[in-house]
Amino acid sequence: MPKSKYGDKIAKELDNYIKNYKIPIGRTKIGLAAPYHDFKRNRDTMKEMRLKESDSFFHCKANYEAASRGAYGALAAGMLSVGREISDAILKGDNFSQILSDIKADERGIRGGSLKKSLRETCPTHHTKYK
């Protein structure tokens, strides 16, 4: 299947996934634990849906959710993101372009969440929108 058609198929799946999206509140609404749970939930969802190719979307979405919790959430999201990228570089050997791509998606999510934009407006579902 050509890459563009594959990307369109994944985008449709993600569009359906976020159709009735509401920011999860969870038991922990503030503090470092809340953004951590946002990150973990998004990572688990990506794995469960088998959408590793949509890594940028889930990076964006996790940071968006954390930043939507307020200034502390945005700060925690930034710290968690940087820590994760350092860890990925050291433990998984991610290259610089992968790390930069992840950081751009992270920043996009933090900016959108902090500005109270919608998830759909902030985090595109098609992977080509992250380049």
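Numbers for the structure displayed
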quantity	calculated
Some residue of segment 76-93 being within 27 Å of residue 12 (Cβ to Cβ) and charged (D, E, K, R)	no
Residues (hydroxyl-bearing (Ser, Thr, Tyr) and closer than 12 Å to residue 36 by Cβ) located in segment 58-88	81
Residue identified as polar (S, T, N, Q), assigned to a helix (DSSP H, G or I) and touching a His at 6+ places or on another chain (Cβ under 9 Å) among 87, 81, 97	81
Tally of residues being free of Cβ contacts under 8 Å to residues at least 60 places away in the same chain and either outside any helix (DSSP H, G or I) or open to solvent by less than 70 Å² (accessible area, probe 1.4 Å) (or both) across segment 115-126	4
Residue count, segment 44-60 (criterion: open to solvent by 30 Å² or more (accessible area, probe 1.4 Å) and not in a helix (DSSP H, G or I))	1
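Conditions (1) surrounded by 15 or more Cβ atoms within 10 Å (Cβ to Cβ); (2) at pLDDT below 95; (3) part of a helix (DSSP H, G or I), marked per residue:
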| residue | (1), (2), (3) |
| --- | --- |
| 35 | yes, yes, yes |
| 39 | yes, yes, yes |
| 63 | yes, no, yes |
| 106 | yes, no, yes |
| 113 | yes, no, yes |
| 128 | no, yes, yes |
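Per-residue answers, yes or no, for (1) under 12 Å from the mean Cα position of the chain (by Cα); (2) small (Gly, Ala, Ser):
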{"site": "38", "(1), (2)": "yes, no"}
{"site": "41", "(1), (2)": "yes, no"}
{"site": "53", "(1), (2)": "no, no"}
{"site": "74", "(1), (2)": "no, yes"}
{"site": "86", "(1), (2)": "no, no"}
{"site": "94", "(1), (2)": "no, no"}
{"site": "102", "(1), (2)": "yes, no"}
{"site": "114", "(1), (2)": "no, yes"}
{"site": "118", "(1), (2)": "no, yes"}
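The values are calculated or read from the model by the stated rules, or taken from the named source; none is laboratory data. All of these numbers come straight from a predicted model, not from anything done at the bench. Here the Cβ is made from the backbone with ideal geometry for all residues, glycine too, and neighbour counts use every protein chain on show. Just so you know, the surface numbers come from the protein's heavy atoms only, side chains and all, with ligands and any DNA or RNA stripped out. Shrake-Rupley method; radii C 1.70, N 1.55, O 1.52, S 1.80 Å.
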